[in-house]
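The values are calculated or read from the model by the stated rules, or taken from the named source; none is laboratory data. Everything numeric here is computed off the predicted structure, so don't read it as measured data. Don't worry about glycine lacking a Cβ; one is built from the backbone with ideal geometry, like all the others, and counts go over all protein chains shown. Surface accessibility is based on the protein's heavy atoms, side chains included, excluding ligands, DNA and RNA. Shrake-Rupley method; radii C 1.70, N 1.55, O 1.52, S 1.80 Å.
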Amino acid sequence: MRIAFVGAYGNGKTTLTTELEKITGLERVHGSAMRDPAGTDPKSLEESNETELVQLAVRRYTERAVDEAARPKGFLSDGSVLHEWVYSKVRLAVGRYPEPSDTLAAGVRTPRTQVVEEVVDQLGLLARQQARAGYDAIVFVPNEVPLPEGHDPISAHFRVLSDELMLEIIGSLGVPVHTVTGTVEERIQQVLAIPGMPRNA
């Protein structure tokens, strides 16, 4: 089984895939942290400008696609090849701290942002193609727990917009989508109920 776990930052993908790796024997794959764009002084994702954001997204997408291709018999992808595109799209449209009333369509773009967003959308077409061919199933992990107090690289509404866009995308791929909810244990049991899921002997 080649399974991608999707959902916004802080939704619990890492916790879930870490536990499932032990139970299923499928290896967990993930991209490197999105920071330190090449050709600049070290900086975080949050400090990176629009074009550096594209560079970091391409790097992580490539790493993830290569890692997944190296495991044709199965993997648990913490995130997906769609993840960086969704993050970039939302951030370019509304920034990291959108207001609850903000929408992606109504986000105010500068001429520079419009150009960068067009590039990101083209990369998104590649990501869709890769996801359609590379995943047997997609598990959507919804936002059920707030981010820890004082830890706010994005706003709560950024997570909402990210999840809305991700659901729209994965719904168009023709790949089976499973939404898991509840506690970690409840989510694990829901994943294990997916047809074809292996278990360690």
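In the full protein context, segment 129-201 carries 52 Å² of accessible surface per residue, based on a 1.4 Å probe and ignoring ligands, DNA and RNA.
What part of the accessible area of the chain, given as a whole %, is carbon or sulfur when the probe is 1.4 angstrom?
Working: 5440 of 9860 Å².
Roughly 55 percent, rounded to a whole number.
Note on segment 1-51: with charges restricted to the Cβ of Lys and Arg (+1) and Asp and Glu (-1), its dipole about the Cα centre is near 300 debye. Its Cα gyration tensor gives segment 1-85 an equivalent ellipsoid. The semi-axes, each the square root of 5 times an eigenvalue, are 26, 14, 10 Å from largest down. What's the longest uninterrupted piece of the chain once you rule out the trypsin sites (Lys or Arg not before Pro) that are loop residues per DSSP with at most 11 other Cβ within 10 Å? Free of exposed loop sites, the longest segment is 74-198.
Dipole size in debye (nearest 20) for segment 96-201 around its Cα centre, Lys and Arg Cβ +1, Asp and Glu Cβ -1? Let's see the in-between values first.
Working: 8 positive and 14 negative charges, 75 e Å.
Result for segment 96-201 is approximately 360 debye, rounded to the nearest 20.
The mean sequence separation of alpha-carbon pairs under 8 Å and at least six residues apart, normalised by the residue count of the chain, gives a relative contact order of 33 percent. Which angle from 0 to 90°, rounded to the nearest 10, does the C-alpha axis of helix 156-170 make with the longest principal axis of the chain? Computed tilt is about 60 degrees.
In the structure displayed, which of K22/K89; K22/K73; K13/K43 lie more than 23 Å apart, Cα to Cα?
Details: K22/K89 33 Å; K22/K73 16 Å; K13/K43 25 Å.
Over 23 Å apart, Cα to Cα: K22/K89; K13/K43.
Using only Cα atoms, what is the ratio of the radius of gyration of the chain to 2.2 N^0.38 Å?
On the way: Rg = 16.6 Å, N = 201, 2.2 N^0.38 = 16.5 Å.
For the chain, the normalised Cα radius of gyration comes out at 1.01.
The long axis of helix 83-94 is offset from the longest Cα principal axis of the chain by roughly 30 degrees. Using equal-weight Cα scatterers in the Debye expression, the normalised intensity of segment 84-183 in log10 at q = 0.10, 0.19, 0.25 Å⁻¹ is -0.31, -1.04, -1.34.
Of the GluC sites (Glu not before Pro) found in segment 135-201, those in coil by DSSP whose Cβ has at most 16 other Cβ atoms within 10 Å are E144, E149.
Taking the 0 to 90 degree range and rounding to the nearest ten, how far is the long axis of helix 13-24 tilted relative to the main principal axis of the chain, both from C-alpha atoms? Long axis of 13-24 versus the principal axis of the chain: about 20 degrees.
Across segment 68-159, Cα pairs under 8 Å and at least six residues apart give a relative contact order of 40 percent.
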